[in-house]
Amino acid sequence: MNQQEPDPASQITPSGRIVRLFVGGLPWGLVLMGALSFVFYFNKKNKPDVQPSQFAAILRRELNTSDFERYQRILGRDLGERSLRHVENLDAAAAFMESTMGPDNMGHGVIRQEFTAGDKALENIMVPLMGKAKADEAVLVLAPLDTTEANAPDEAAPPAALLGIAHSFAGDPQPRTIVFLAAPNGLAPRDDANGCWQAAQHVLINDLKFTRILALNSGGVPEPFRLPEIWKDVPYTKLTVTTKTTLAELKEMAADIRKAAQ
């Protein structure tokens, strides 16, 4: 009587089955890993690595009237009207903000976001102070980089205050991320000239969940900031800054920002 040959598949041990499954799935796993690696690489490549200076804490400076007045003089009287009519003055203001808040002066890592409005090249200046505990949640502190045609003295006060407040936070990260943003407010009736709309599309900003927006504003036109739809539901606070704003008031604004970032 012929004895039936055993089925080779039935003699495979459990460990052997695992090996066969692993070998069979290896090509698909390699394809998946390759795709994921490409995604991670692409995101890392397009997301700027913004690192503050290792000396940022040493460079930190308390808010003071002297700096506030000096920044106002440079942004207002020295640079003049900052608008699409005088885009060269907007460029100079952006360069001044970038240099002043950068690693060599305040110790911050700075992002210069370039965009166009028609045939005009404009810039946003962003300083992300990454949070210690809730880095994906952020507080946005805004100041207009542009002015009206009148270039009233008060219009230089908000970006001047942003500089002083940012200096007081150098090397002092809070639980939540703080993003200091100096942006053209879109005084021209066109969305592409609105720095806030452009900033919302930046890869770093787009990854953050904003829990509060504090806008430094002179109280004049335009009022308030023209925010993009994605920020419409974020709690918004206007902080009025003029040439008459006192040091105590500036410190109170900084305290409000610090509280929001807890």
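The values are calculated or read from the model by the stated rules, or taken from the named source; none is laboratory data. Because the structure is a prediction, the values reported are computed rather than measured. FYI the Cβ positions are ideal-geometry reconstructions off the backbone, even for glycines, and counts take in every protein chain you see.
Some values worked out for this structure:
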read-out: Of all residues in region 119-176 being among the aliphatic types (A, V, I, L, M) and surrounded by fewer than 22 Cβ atoms within 10 Å (Cβ to Cβ), the one that is modelled with the lowest pLDDT; value: 150
read-out: Of all residues making up region 58-106, the number that are small (Gly, Ala, Ser) and farther than 14 Å from residue 147 by Cβ; value: 4
read-out: Answer residue from region 220-241, given it is part of a loop (DSSP other than H, G, I, E, B) and touching a Gly at 6+ places or on another chain (Cβ under 8 Å) and is farthest from residue 183 (Cα to Cα) among those; value: 222
read-out: Residue 156 of a type in the set (Gly, Ala, Ser) and either farther than 18 Å from residue 168 by Cα or not assigned by TED's automatic domain parsing to the domain that holds residue 184 (or both); value: yes
read-out: Hits in region 212-226 - residues which are surrounded by 19 or more Cβ atoms within 10 Å (Cβ to Cβ) and either among the hydrophobic types (A, V, I, L, M, F, W, C) or within 26 Å of residue 175 (Cα to Cα) (or both); value: 212, 213, 214, 215, 216, 217, 225
read-out: Residue in region 242-250 that is of a type in the set (Lys, Arg), assigned by TED's automatic domain parsing to the domain that holds residue 70, part of a loop (DSSP other than H, G, I, E, B) and closer than 21 Å to residue 125 by Cβ present; value: no
read-out: Scan of region 50-91 for residues that are outside any loop (DSSP other than H, G, I, E, B), surrounded by fewer than 17 Cβ atoms within 10 Å (Cβ to Cβ) and within 22 Å of the chain's Cα centre (by Cα), ordered by number; value: 57, 91
read-out: Any hit, region 187-205, residues being of a type outside the set (Phe, Trp, Tyr), within 19 Å of residue 245 (Cβ to Cβ) and in the same structural domain as residue 67 (by TED's automatic domain parsing); value: no
read-out: Looking only at region 94-148, and only at residues there that are without any contact (Cβ under 8 Å) to a residue 12 or more places away in the chain and not small (Gly, Ala, Ser), the one that is nearest to residue 177 (Cα to Cα); value: 114
read-out: Boolean, residue 103 is at pLDDT 95 or above and under 18 Å from residue 199 (Cβ atoms); value: no
read-out: Residue check, residue 229 surrounded by fewer than 17 Cβ atoms within 10 Å (Cβ to Cβ), out of contact with any strand residue (DSSP E or B) (no Cβ under 6 Å at 6 or more places or on another chain), at pLDDT below 95 and not hydroxyl-bearing (Ser, Thr, Tyr); value: yes
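The rows are residues; the columns are (1) under 20 Å from residue 111 (Cβ atoms); (2) out of contact with any Gly (no Cβ under 7 Å at 6 or more places or on another chain); (3) not hydrophobic (A, V, I, L, M, F, W, C).
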site: 154; (1), (2), (3): no, no, yes
site: 171; (1), (2), (3): yes, no, yes
site: 176; (1), (2), (3): yes, no, yes
site: 218; (1), (2), (3): no, yes, yes
site: 245; (1), (2), (3): no, yes, yes
